[in-house]
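The values are calculated or read from the model by the stated rules, or taken from the named source; none is laboratory data. No experiment lies behind these values; they were computed from the predicted model shown. Note that we place each Cβ from the backbone using ideal geometry, even for glycine, and neighbour counts take in every protein chain shown. Please note that ligands, DNA and RNA were not included when accessible areas were found on the heavy atoms of the full protein model with its side chains. Shrake-Rupley method; radii C 1.70, N 1.55, O 1.52, S 1.80 Å.
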Amino acid sequence: MTQAGLVAGSRVLTDWISLGVLASAVPRDAVDEAVAAAGKGARRAGGKLPPHVMVYFVMALALFAGDDYEEVAARLAETLRGWGGWEKDWEVPTRGGITQARQRLGPEPLEELFGRVAVPVADLDTAGAFLGPWRLMAVDGVEWDVPDTPANRAFFGSTAGPAGPAPFPKVRVVTISECGSHAAVAAALGPVAGGKGSGEQALARRLYPGLDQDWLLIADRNFYSFAGWCTAADTGAALLWRVRSNVPLPVLEPLPDGSWRSVLVSPRIGPSIPARARLLAAAGRGEDLPEDQARYVRAIEYAVPDRDGNGKHERIILVTTLTDFRAAPAAELARTYHQRWEHETGNAQLKTYLRGPGRVLRSQSPAMAEQEIWGYLLTHYAISALTCAAATAAGIDPDRVKFKRTVRIIRRAIGPAFPP
């Protein structure tokens with residue numbers, strides 16, 4: 001048996017769960033504060049589906065994606081009885097009652113809650129979480145299918161391809177996640193067919209102001225734009241982004257590690273505009289540049305040999321704010337860039353192991369679809385925090401803790417996982 005299997009299947013991880021680690025990731029007081037901040041407090045005292053219960057119910061929907069409302073409510077009721085939060089004479093609500101309670105709650109408390117509790121969870125002992133002083137983070141997007149109801153199609157729109165309209169409306173979710181733990185710490189939602197402002201770059205720009213200065217944010221080439229780069233760089237966070245081969249990167253100074261000092265110029269200042277030549281000349285002399293027009297960067301280029309027989313000799317071009325090659329050599333940054341695939345792993349955990357492959361979300365309306373997605377993000381965050389803590393304590397990389405097996409253990413041990 002692998003070491004990962006021992007960690008994921010032994011009493012060690014079960015004990016972490018039985019001590020309420022999931023509850024510590026999403027504590028009751030944070031739920032109450034988020035509900036209050038969203039203006040969704042209980043309308044009457046004594047109801048058996050108060051807002052805080054419904055928040056945990058929506059999270060439980062993500063954990064038990066294949067079960068119906070009544071079954072999930074029954075599981076949650078057993079948990080609450082164990083914690084003294086469910087009266088003995090109460091009955092499990094009907095589907096209609098649960099639906100009404102979800103509608104009263106709305107998506108706002110869960111979005112607010114995610115913003116309060118979702119923080120990086122890796123520490124300096126967590127394998128693969130840092131490059132020197134920088135915490136490795138990545139930005140990426142994923143799409144979710146929602147039921148094809150008139151309300152969902154009107155709100156989220158419809159995409160079309162060669163085969164015609166897509167069978168389901170889609171929601172785009174862009175997240176910033178921690179590479180070491182796979183935990184998403186910031187998220188933005190929008191309709192895939194929503195037009196301007198709903199693309200991956202636009203959603204990501206909504207997240208950049210929340211970057212921390214000790215982060216190194218990794219991004220694929222689809223996320224690069226001059227405006228996005230400036231927004232992210234202005235936070236003081238370090239950036240390591242791939243760019244397309246058609247982005248001009250003049251060589252201002254070759255560096256000993258094979259990288260070079262360069263400059264990014266706003267696309268508004270095209271090659272035929274005289275101001276561009278003046279900017280490049282000033283950059284060559286090392287002068288200060290107008291930040292809304294140009295930014296100094298360090299560039300790195302390398303080739304990836306054929307992978308899996310795809311017949312490509314892929315060129316990868318990176319730009320970074322880490323201009324000191326001695327603090328972050330080019331070869332090390334090239335290896336670090338490929339940590340962005342940890343974000344893809346987190347997306348697969350969400351869509352394949354929690355939701356289930358090919359499964360469409362439950363919710364028949366846009367607000368409930370957004371609520372459901374925030375529930376998935378919260379539950380995935382709680383599980384990621386759990387596995388990261390367990391792996392760090394065991395001295396192994398969190399990648400070696402099998403997510404699917406961890407979810408099975410949590411489902412079996414759901415009793416202590418959620419507080420009343």
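Measuring r between the beta carbons of residue 411 and residue 277 and using R0 = 60 Å, the FRET efficiency lands at 0.40. When the alpha-carbon atoms of the chain are used, the pair Rg, Dmax equals 23.6, 80 angstrom. The Cα atoms of region 260-350 cover 47, 31, 30 Å along the three principal axes, with the biggest extent listed first. Take region 219-291 with all the other protein chains still there, run a 1.4 Å probe, and you get 49 Å² of accessible area per residue. For region 169-295, build the charge dipole from Cβ charges (+1 Lys, Arg; -1 Asp, Glu) around the Cα centre, then report which of 208, 174, 272 sits farthest towards its positive end. My answer, from the dipole projection, is 272. Shown is the FRET efficiency for residue 100 and residue 235, computed with R0 = 35 Å from the Cβ-Cβ distance and rounded to the nearest 0.05: 0.25. When 351, 402 are compared by accessible area at a 1.4 angstrom probe, the order from most to least is 402, 351. Element breakdown for the chain at a 1.4 angstrom probe: carbon and sulfur atoms account for 51% of the accessible area. Between 238, 337, 305, the Cα set farthest toward the positive side of the dipole of region 222-344 (charges on each charged residue's Cβ, about the Cα centre) is that of 305.
Can you give me the angle between helix 108-117 and the longest principal axis of the chain, using Cα atoms only, in degrees from 0 to 90, rounded to the nearest 10? Roughly 60 degrees, rounded to the nearest 10.
The order of 404, 196 by accessible area, most exposed first and with a 1.4 Å probe, is 196, 404.
Working ranking of peptides 151-164, 255-268, 376-389 by packing, defined as the average number of other Cβ atoms within 10 Å per residue, highest first, is 376-389, 255-268, 151-164. Within straight-line reach of residue 40, meaning a Cα separation under 20 Å, sit the following aspartates and glutamates at least 8 residues removed in sequence or on another chain: 29, 32, 108, 111, 112, 370, 372. The charge dipole of region 200-333, taken about its Cα centre with unit charges on the Cβ atoms of Lys, Arg (+1), Asp and Glu (-1) only, comes to about 480 debye.
Using heavy atoms of the protein chains and a probe of 1.4 Å, the accessible area assigned to residue 225 is about 20 Å².
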